[in-house]
């Protein structure tokens, strides 16, 4: 009986030690989502694109892109606000939101990304989402790329250091009818 208890304790102890080592490796390795203290960057994998400007990370956190807004594809208060602000019906906005989300899925879903904070800015929004710039490993700033390609617009409510840059990208996308600014089949402009 004592040998059985001793073996059970040894197994349990070994299991706990292996668990601690695994936990330490996963959560101290920048490839798995911790802060690189030298650069101030966080590295994650995008598990799922929730919508064009909000993503679910592999660790369960949500990130909201800074300085950008994309059309809503789901019923929400924001969908109502977008409809009032734009003069478009909710069905059209949801379709545009779906187009934007599909575009962004191709860009980031399942990929490794680097998150950067805006200096002197809130860390999280009222929904608990991380507020970040999101970069691909090749250095592409996703926040900017979405605006450049016409699948989002500048979020003017809370200005950031890149607001003027993003406004130039939006103006160029609109003038050149890229993305959602183009004559999209099935939509009347």
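All of the numbers you see were taken from the coordinates with simple rules; none came from a lab. Quick caveat: nothing in here was measured; it's all calculated off a predicted structure. All Cβ positions, even for glycine, are placed from backbone atoms using ideal geometry, and neighbour counts span all protein chains on display.
Here are some notes:
- By the count of other C-beta atoms within 10 Å, a proxy for reagent exposure, 44, 135 are ordered fewest to most as 135, 44.
- Counted by neighbouring Cβ atoms within 10 Å, the residues 48, 145 run from fewest to most as 48, 145.
- Ordering 147, 142, 50 from the fewest to the most neighbouring beta carbons within 10 Å gives 50, 142, 147.
- Derived value for segment 33-181: Kirkwood hydrodynamic radius 15.5 Å. Basis is the mean of 1/r over every pair of different alpha-carbon atoms.
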